Amino acid sequence: MIRAVESWICSLLLGTIAALAIVSQAGAATLKDAAESYRHYLIDDISQALAGACALREHLIDHDLDGARKAWIAARVGWERSEVFTSGFVPELDQQIDAWPDASHGFHGIEAMLFGAGHTHVAAETDALIAHLADLRAQLDHVDLAPQRMLNGIARLAFEIGGNKADGGESRLSGTALNDLQSNADGIALAYRVIFADVMEASDPRIAAAVRAAIERLQAAVKVPDLRKLDADRLRADSEELVALLQMAAPKIGLNKPTLEEGAR
Amino acid sequence: MTQYAKRWANTLWRSVAVTAAVALLLGLPQYATSFPIDGDQAVLPAGSELNEDAVYVPHEILRSEYRGDRASYVVALGDLAFNSPSILGGVARRAGISCGTCHVGGANNAKLFIPGLSTRPGTFDTTGALFNPKANNHLFDPVRIPSLRGARYLAPYGHDGRMASLRDFVRNVIVGEFAGPEPSPALLDAIVAYIQEIDFLPNLKLGARGRLNDTASEAERRGEVLFAKPFPHDPNLSCAGCHPPASAFVDHLQHDVGSGGLHKTPTLLNANFNAPYFHDGRYDSFDRVVDHFDRVYELGLLTQDRSDLVAYLRAVGDARHPFDSDGVTTRFKGISAFSLLLAQAIAVRDRGAIDLAVDTLGGGFRELAEQFPDHRDTAVTGALAERRMARAAAKDVVISLRRIAMAVSADDLDAAAAEYNTYYELTFSKAMPLLRGAEPWSLFNPAIRAAHDAERQRLLRAPAQTQR
């Protein structure tokens with residue numbers, strides 16, 4: 001039964017992504033409008049994660065471990081880019097999809113089997129992942145993308161990127177912790193550019209330039225070939241300076257200082 | 001004891017406290033089974049264990065505390081540097097390793113194990129290739145990690161006593177063994193000053209001149225007599241000859257006791273907590289140490305003699321309050337000392353100390369935030385709102401420290417002083433109560449820590465299965 005539903009979800013998916021491609025960004029006069037225009041990017045990223053999960057499921061059916069691993073890695077890109085949104089707006093689904101450390105479900109549970117144990121017996125977990133991602137995708141049409149909460153999400157993720165990855169990070173079995181960081185940084189850059197950059201530029205060009213430069217530094221800091229090549233001290237400083245700047249910038253555009261945990265004030 | 005602490009002790013951790021008390025009475029240090037570092041891209045080899053998740057950490061007493069004083073600026077700076085990875089070289093820094101990683105609270109780290117550098121937990125090859133290829137002597141020759149308690153009484157330094165000067169020894173550890181940048185003379189002085197402040201823990205069984213007092217048992221007294229008795233085949237020798245009780249049980253000399261070469265006499269004070277024993281950590285108990293001397297020096301000890309000697313060693317090696325529970329209170333002891341130092345460093349415009357304090361405190365608060373799991377951790381379900389508030393508050397402290405650093409790098413020390421006031425307020429008025437309030441649902445709670453580690457264990461050690 002579940003498998004039939006997942007098949008249906010997956011078969012609808014290509015059409016959805018094609019439809020998204022023709023949606024263009026409207027000129028954003030206010031933060032609320034700008035946040036609205038971010039919705040399409042968010043839907044695109046979660047759809048990409050969902051497509052990856054569907055591809056993963058096909059490879060499981062074929063007992064194709066190598067293909068399944070590649071599909072898992074591909075599915076992570078859109079997911080990690082959306083973390084500016086998921087962690088704060090949909091924590092329950094975030095736990096279902098990206099629990100850590102939890103070997104029983106979600107991306108990391110599947111990772112443990114595909115990359116750690118080296119087998120493809122994760123059909124049930126993958127079906128659940130597809131169902132949760134599809135649930136999330138459906139919610140994205142209506143969810144209120146409040147600018148304050150988006151700024152909180154950006155600041156929270158900017159802080160998280162600066163954390164110590166000396167132990168190999170979260171996606172250590174697949175060796176993709178660095179990819180996670182890069183997608184996180186890209187997700188921050190995307191959400192900031194689409195939602196806040198123009199309004200900030202109009203309000204305070206000096207601080208706008210500083211935030212933009214800090215985001216670029218963060219993206220540059222994670223563009224290394226290997227997790228071990230990260231300059232952890234530099235990355236932490238870049239991460240914290242970006243958060244500090246966002247905290248200074250928020251009042252300039254009529255927002256509160258972003259919290260570093262959703263729901264904490 | 002605060003109301004909070006009473007409630008804490010009486011409810012949540014009662015069973016743990018009892019277990020710990022029993023273990024300590026038995027003279028066995030009790031640690032949680034913490035989880036090793038792993039992963040192909042980890043800085044340290046897979047299977048490395050730094051024991052950073054230990055539930056109990058060695059208690060530390062500085063000489064100034066006996067005087068009822070705060071540590072001086074220089075000692076606090078040394079303490080800070082001792083616990084800062086940034087004074088060491090790249091590999092240690094990336095792995096978050098500082099002097100304090102091996103010498104926790106100035107003592108040792110009996111569980112530290114790095115594959116390729118350790119033969120057994122609590123040993124480490126300081127001349128291996130990982131931390132400084134230039135220091136590699138191409139021998140796998142780990143030595144036990146010594147406690148630094150009472151170091152000022154324990155010259156010469158190094159397990160073989162090769163260095164008379166503690167300062168030279170410390171410099172060699174930083175620059176030679178861990179490839180750190182050359183420390184400034186002032187910083188090196190500070191680290192040495194701190195190490196010289198680390199005291200032995202008080203031992204209620206010892207009186208003047210290292211003699212047992214009247215609380216000692218019969219067996220311990222018989223052991224004390226045997227300890228001073230000349231060896232049967234060489235009346236010039238006795239245990240106490242090399243371990244004179246009146247001078248911290250050391251003679252400051254090197255001896256060959258049949259363990260392979262000359263090694264300096266180790267102190268026996270607080271030694272119950274310094275296992276494993278001998279320079280290479282080959283023995284994990286006093287029984288085996290006594291066996292060794294009995295065999296090598298043909299002492300002809302009877303069963304009773306052996307147990308009496310072991311009882312004596314346990315009495316001499318004891319300490320009141322050897323461990324603290326790791327938790328918010330213990331963490332804030334260090335945070336308070338380093339915060340005071342930061343305020344003083346800003347006032348006297350000591351930029352090196354400001355940078356070190358900001359970096360180390362910030363790293364500490366980041367790590368503290370991670371002790372409070374967020375919604376993604378299924379090992380803990382209660383008090384999510386409280387955990388988030390605690391995490392957010394600790395993270396806000398990190399950012400306030402960064403703002404101090406930004407002010408200093410913009411050459412605006414007045415702004416840095418103002419930011420310090422914000423930092424102080426956020427730390428002690430906001431974060432501390434929130435962290436304390438959420439502590440029962442944090443990884444400082446051994447039950448939650450165990451559930452969390454079990455999940456990690458299952459995740460990272462997923463068993464291979466045959467294809468269905």
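Report Rg/Rh for the range A:147-253, rounded to two decimals, where Rg is the Cα radius of gyration and Rh the Kirkwood radius.
Ratio value, two decimals: 0.99.
Report, largest value first, the span of the C-alpha coordinates of the range B:208-316 along each principal axis, in whole Å.
Principal-axis extents of the Cα atoms in the range B:208-316, largest first: 39, 27, 26 Å.
Considering the dipole of the protein assembly as shown built from charges on the beta carbon (Lys and Arg +1, Asp and Glu -1) around the Cα centre, which of B:A246, B:A95, B:V358 is farthest to its positive end?
With unit charges placed on the Cβ atoms, the residue in question is B:A246.
Over all alpha-carbon pairs in chain B, figure out the percentage whose distance exceeds 37 Å.
31 percent
Mind scanning A:K32/A:K70; A:K70/A:K229; A:K32/A:K257; A:K252/B:K430; A:K257/B:K333 and naming the pairs with a C-alpha gap bigger than 27 Å?
In this structure, A:K32/A:K70; A:K257/B:K333 exceed 27 Å between Cα atoms.
List the lysines whose Cα sits under 23 Å from the Cα of B:K229, skipping any in the same chain fewer than 8 residues away.
B:K205, B:K264
Among all the aspartates and glutamates, which ones have a C-alpha under 13 Å from A:K165's C-alpha, if same-chain residues fewer than 8 places away are not counted?
The reachable aspartates and glutamates, counting only those whose Cα sits under 13 Å from A:K165, are A:D180, A:D226, A:D231, A:D233, B:D38, B:D40, B:E367, B:E370.
After finding the eigenvalues of the alpha carbon gyration tensor for the range A:32-87, what semi-axes result from the square roots of 5 times each, listed largest first in whole Å?
Working from the Cα gyration tensor, I get semi-axes of 28, 9, 6 Å.
Mind computing the radius of gyration and Dmax over the alpha-carbon atoms of the range B:327-463? Å is fine for both.
16.9, 58
What does the convex hull of the alpha-carbon atoms of the protein assembly as shown project to on average, in nm²?
Projected over every direction and averaged, the Cα hull of the protein assembly as shown covers 34.7 nm².
So if I take the alpha carbon set of chain A, get Rg, then get Rh from the Kirkwood formula, what is the Rg over Rh ratio?
In chain A, Rg relative to Rh is 0.98.
With each run of n ≥ 4 DSSP H residues scored as -39500 (n - 2.57), what mean residue ellipticity at 222 nm is computed for the protein assembly as shown after dividing by its residue count and rounding to the nearest 500 deg cm²/dmol?
Helices in the protein assembly as shown give a 222 nm mean residue ellipticity of -16000 deg cm²/dmol.
Taking each residue of A:245-258 in turn, how many C-beta atoms of other protein chains fall within 10 Å of its C-beta, and what is the average?
Mean partner shielding for this stretch: 1.
Read the figures in this text as sums done on the coordinates, not as results from a lab. Since the model is a prediction, treat every value here as computed from it, not as a measurement. Note that we place each Cβ from the backbone using ideal geometry, even for glycine, and neighbour counts take in every protein chain shown.
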